[in-house]
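Would you mind keeping the following structure in view while I ask a few things?
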Amino acid sequence: MSVDGSDLPDDVAELVGVPQYPSTATFDVERSYSWDTLAATQNGNPLFWDEAVAEELTGGPIAVPTTLSLWMRPHFWEPGAAGEQVALQVHFDLKARFDLPEAVMTDNTIIFHTPVRPGDRISHQQVLRSVSGPKTTKLGSGRFWVIDIEYHNQRGELVGVESYTGFGYRRDGASS
Amino acid sequence: MSSSAPLLHGVVTVGDTLPVLVVDVTPTTVVLGALASRDWRPMHHDYKFATERNGVADIFLNTPNQAAWFERYLTDWTGPRGRVGRMTFRMRDSVFPGDEMTFTGTVTDTGVDDLGCGWVDVDVELRAAHGTRGDRLCSTCSARVAIPVDADDNPWSRTAEQWRP
């Protein structure tokens, strides 16, 4: 199956709709990444800077909602890890499967559910939704794919759902 | 700081525009945003990788950081009681150091769901201007944000079964 009806290799088609890489973060949600995100975007929302406002509105501190994905991103390095540690493994699997050395994200949807709080431990799973046939853009030639991710906290509550569209590509003229 | 005097649902109408936000993008903007979101991919901090491997003009804003910029833009307008329910954005072009990034927004719909939650739909455009790269539409975002229906309402108080983003 693909978004434009083109045939896909069987091994890829078999993965469409199948939850992959269910995993739990190796660290708890903490506030410093929220402050880093606020600093990076010059965001003065008092919900995240003023304890009294946080207590009034959300019963205490919550993580900046758009930090959702970062809690499942691996450390850049950790003992025993070999090679580059990457988030969204399905995306990198598809790059490798189609021998597409470069990739960018083109679309992102985030649906926010129960707020994430400091001390939470987030889990997720990735689901490949579709892969296009070959496409050419100004970046190069490759394929688009859509990957959905569900995030839950340690109580099993849904905290968010994301969908990414990625474009894996080979720059025109680049050899494999 | 105070959470008083929130933007209320009743004063928002379709066609309302949000205050414009203009930001000068530096290499630090890009790198800080990437590291804040634990995005270690080199196209967000390594000029040679971005230009020689990705084939783009420079390092560029990563996806989660763009989401965070959209969130900041929306909640600058709503105040802290504003609760973003969902956002969908398409990245048509990249945002690079040296760009002047401009956010504009327009209310496209308003409504109150059957649980009493007040919603506004907002379309946001992120444009970037640069001396040689020109003025580009980089990203378009459609967002759905809950804002209080009255002074006593707090969208954040809605638990899972009362929250339909």
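Between B:Thr17 and A:Asp172, what FRET efficiency follows from the Cβ-Cβ distance if R0 is 45 Å, with the result rounded to 0.05?
E between B:Thr17 and A:Asp172, to the nearest 0.05, is 0.65.
Can I ask one more? Checking the a/c ratio against 1.5 first, then a/b against b/c, what shape does the Cα gyration tensor give for segment A:1-65?
Because a/c hits 1.5 or more and a/b exceeds b/c, segment A:1-65 counts as prolate.
A follow-up question, please. Could you state the angle between the C-alpha long axis of helix B:63-78 and the longest principal axis of the C-alpha atoms of chain B, as a value from 0 to 90 degrees rounded to the nearest 10?
The angle comes out near 40 degrees.
Moving on. Please tell me the relative contact order of chain B in percent, rounded to the nearest whole number, where contacts are Cα pairs under 8 Å and at least six residues apart.
Once normalised by length, the contact order is 28 percent.
Using bins 5 angstrom wide from zero, how does P(r) for chain A break down, in % of all Cα pairs?
It works out to 1, 8, 14, 17, 17, 14, 11, 8, 5, 3, 1, 0, in whole percents.
Other chains' Cβ within 10 Å of B:59-66 residues: what's the mean?
4
Assuming a ≥ b ≥ c are the square roots of the Cα gyration tensor eigenvalues, decide whether chain B counts as rounded (a/c under 1.5), prolate (otherwise, with a/b larger than b/c) or oblate.
prolate
Could you give the size of the charge dipole of the protein assembly as shown about its Cα centre, using +1 on the Cβ of each K and R and -1 on the Cβ of each D and E, expressed in debye and rounded to the nearest 20?
700 debye
For B:Arg90 and B:Ser157, what is the calculated FRET efficiency with R₀ set at 45 Å and r taken between the beta-carbons, to the nearest 0.05?
Calculated transfer efficiency: 0.90.
Between B:Glu100 and B:Tyr47, take the C-beta separation as r, use R0 = 22 Å, and let me know the FRET efficiency to the nearest 0.05.
Plugging the Cβ-Cβ distance into 1/(1 + (r/R0)^6) gives 0.65.
So if I place +1 on the C-beta of Lys and Arg and -1 on the C-beta of Asp and Glu, and nothing else carries charge, what would the dipole magnitude of segment B:74-119 be about its Cα centre? I want it in debye, nearest 20.
The calculated dipole for segment B:74-119 is roughly 140 debye.
Can you give the accessible area of A:Val104 in Å² (nearest 10), computed on protein heavy atoms with a 1.4 Å probe?
Using a 1.4 Å probe on the heavy atoms, I get roughly 30 Å².
Which residues in segment B:135-165 have a backbone N closer than 14 Å to a point placed 7 Å from the Cα of A:Arg155 along the Cα-to-Cβ line?
Label zone hits: B:157-162.
Per DSSP H run of n ≥ 4, the term is -39500 (n - 2.57); total these for the protein assembly as shown, divide by its residue number, and report the mean residue ellipticity at 222 nm rounded to 500 deg cm²/dmol.
Helix-only estimate at 222 nm: -5000 deg cm²/dmol.
Here's a follow-up. When only the heavy atoms of the protein chains count and the probe is 1.4 Å, how do A:Asp93, B:Asp114, B:Asp99, B:Asp135 rank by accessible area, highest first?
Listed by decreasing accessible area, they come as B:Asp114, B:Asp135, A:Asp93, B:Asp99.
The values are calculated or read from the model by the stated rules, or taken from the named source; none is laboratory data. All of these numbers come straight from a predicted model, not from anything done at the bench. Ideal geometry is used to build each Cβ from the backbone, glycine not excepted, and the neighbour counts take in all protein chains shown. For accessibility, only protein heavy atoms count, side chains too; no ligands or nucleic acids. Shrake-Rupley method; radii C 1.70, N 1.55, O 1.52, S 1.80 Å.
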